[in-house]
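The values are calculated or read from the model by the stated rules, or taken from the named source; none is laboratory data. If you're wondering where the values come from, they're calculated on a predicted model, not measured in any experiment. Here the Cβ is made from the backbone with ideal geometry for all residues, glycine too, and neighbour counts use every protein chain on show.
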Amino acid sequence: MPSDLSAWRARIAEACGRIYALAQQTPIALVEDDQRLGSTRALLKLEHLQRTGSFKLRGATNKVLSLSPEEAANGVITSSTGNHAVGVATAARDHGIDAEVLVSWQVAPTKLRLIEACGARIHHSGDSPVEAELAARAAAAASGKTYISPYNDPHVIAGQGTIGIELVQQVGSIDAIYIAVGGGGLIGGIGAYMKSVSPQTEIVGCWPENSRVMYECLQAGEVIDFPEHVTLSESTAGGVEPESITFELCQKVIDRSVLVSEPEIMDAMRWAHRRGWKVEGAAGVAIAAFFKEASRQYGRSAVIISCGGNPSPEVLSQL
């Protein structure tokens, strides 16, 4: 695992040489016509327009394309609440690699159908995402397949970090970036790249109050279990795997944290939908966090990562 930010920067640059075989550079949109903006230059990174509808395709593609011929022939196993599994299944199918997905019983049926449509076989294991992750690791070890973690893997993190390279190219100088946090792969990758090229850029971690495991781990100074409640941010729900490499990375790159309520997430999703952007709850978390403290960014340039656009029917019905 890279031990410093310069090493992460090199890994992320290497990932850029792989991922665009399948993933794409996503556009930036200027946020306008909202009185809360004041003098802020706010931009939305439209990662919900990524192929498969989520940034997860980046890390999945980077990992799949890093496999040796022998590893590729043996196949891959992953665990996911949805978007990561879709990314892995898509990248594996595109390169003729067998893929299995272990999911907890929390995953919505619509996500399961989407995963199956991408060509992966699904197995249920455990009542929580962490239990499914641990079961998938064990299954991979027993079968000789490669396990692809949703976040606890340097190739996955580096793939997500390619968003940072695009932001520098598309935006230039950035004062703050708002990023929803689940297992920490997205904020770890973007944060590692930005801190290596623009140390003054503030990396803001955004969590739903109902599901903030990594936040509580950072407060405690170690990976801990923390109770969760149902949240609109389905994609960030779940615990943190013991000894996850993202924990130390989040300690290094996150400058501040913002917690948002479920009504604030819903308002943010409705705000996006009125503008023609179909976003999921995790994207709503970052948008809500930015607007919650928009005055803090007056006169500055802020980017919000709209990380995904695959809301479940249950969430859509509430919109």
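General remarks:
- Condition check for residue 258: under 18 Å from the mean Cα position of the chain (by Cα), buried (at least 18 other Cβ atoms within 10 Å of the Cβ) and outside any helix (DSSP H, G or I): yes
- In the condition set (1) farther than 25 Å from residue 314 by Cα; (2) in contact with a Gly (Cβ under 9 Å, 6 or more places away or on another chain); (3) of a type in the set (Gly, Ala, Ser), residue 136 is compliant with all but (2).
- Condition check for residue 223: free of Cβ contacts under 8 Å to residues at least 24 places away in the same chain and in a loop (DSSP other than H, G, I, E, B): no
- Residue selected from the stretch 232-255 under the condition aliphatic (A, V, I, L, M) and assigned to a helix (DSSP H, G or I), by the criterion surrounded by the fewest Cβ atoms within 10 Å (Cβ to Cβ): 245
- Selection over the stretch 121-136 of residues that are within 22 Å of the chain's Cα centre (by Cα) and modelled with pLDDT of 90 or more gives a count of 3.
- Flag for residue 112 being touching a His at 6+ places or on another chain (Cβ under 7 Å), more than 24 Å from residue 166 (Cβ to Cβ) and at pLDDT below 95: no
- Filtered residues of the stretch 17-30 (kept if part of a strand (DSSP E or B) and surrounded by 12 or more Cβ atoms within 10 Å (Cβ to Cβ)): 28, 29
- Scanning the stretch 261-288 for residues that are in a helix (DSSP H, G or I) and among the basic types (Lys, Arg) gives 270, 274.
- Selection count, the stretch 33-43, where residues are within 14 Å of residue 303 (Cα to Cα) and either in contact with a Pro (Cβ under 6 Å, 6 or more places away or on another chain) or at pLDDT below 90 (or both): 0
- Residue match in the stretch 31-38 (condition: closer than 16 Å to residue 166 by Cβ, assigned by TED's automatic domain parsing to the domain that holds residue 289 and part of a helix (DSSP H, G or I)): no
- Test for residue 272: is it surrounded by 18 or more Cβ atoms within 10 Å (Cβ to Cβ), in contact (Cβ under 8 Å) with a residue 24 or more places away in the chain and touching a His at 6+ places or on another chain (Cβ under 9 Å): yes
- Only helices (runs of 4 or more DSSP H) whose full extent lies in the stretch 60-160 are considered here, and the ones with at least 3 residues that are of a type outside the set (Asp, Glu) and crowded, with 17+ Cβ neighbours inside 10 Å are 83-94, 109-117, 129-143.
- The sole residue among 237, 180, 158 that is at pLDDT below 95, under 16 Å from residue 56 (Cβ atoms) and not aromatic (Phe, Trp, Tyr) is 237.
- Checking the stretch 191-200 against the condition returns no match, with no residue being assigned to a loop (DSSP other than H, G, I, E, B), assigned by TED's automatic domain parsing to the domain that holds residue 40 and in contact (Cβ under 8 Å) with a residue 60 or more places away in the chain.
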